[in-house]
Ligand SMILES: [Mg+2]
């Protein structure tokens, strides 16, 4: 089930993560996992603030949202690389856990 939906993600994420690591190491100063974790949460906070503005009825461009989503994605990759986390493996493991839980709930007639 998981392989059918996420086969390409899992296959390609490892290379994407490696490419980001090479780019970061070649052109930017080395930084700690703690730095990248704070950066990740800062960027996620910027994204959340845009969604809060929308929730309050203000207009926010999709380009601005995409920019913050990109910042968050990049920060996650940098964090994972700094901690030597194999995101493809971690995501595959997590998707299996989610799928097992979803199926168990479905068998009880409940939504995930
Ligand atoms: Mg940002």
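Values quoted throughout were computed directly from the atomic coordinates according to the rules given, and no laboratory measurement underlies them. These figures come from a predicted structure and were not determined experimentally. Neighbour counts run over all protein chains shown; Cβ positions are idealised from the backbone, glycine included.
State whether the residues of region 35-42 include one that is over 21 Å from residue 86 (Cα atoms) and under 18 Å from the mean Cα position of the chain (by Cα).
So far as region 35-42 goes, yes, one or more of its residues are over 21 Å from residue 86 (Cα atoms) and under 18 Å from the mean Cα position of the chain (by Cα).
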Being part of a helix (DSSP H, G or I) and within 16 Å of the ligand (Cβ to nearest atom) is the filter here; which residues of region 49-66 pass it? 49, 50, 51, 52, 53, 62, 63, 64, 65, 66
Evaluate region 67-87: report whether one residue or more is outside any helix (DSSP H, G or I) and without any contact (Cβ under 8 Å) to a residue 40 or more places away in the chain. yes
Look through region 36-48, keep the residues that are under 10 Å from residue 79 (Cβ atoms) and surrounded by 15 or more Cβ atoms within 10 Å (Cβ to Cβ), and return whichever of them is farthest from the ligand (Cβ to nearest atom). 37
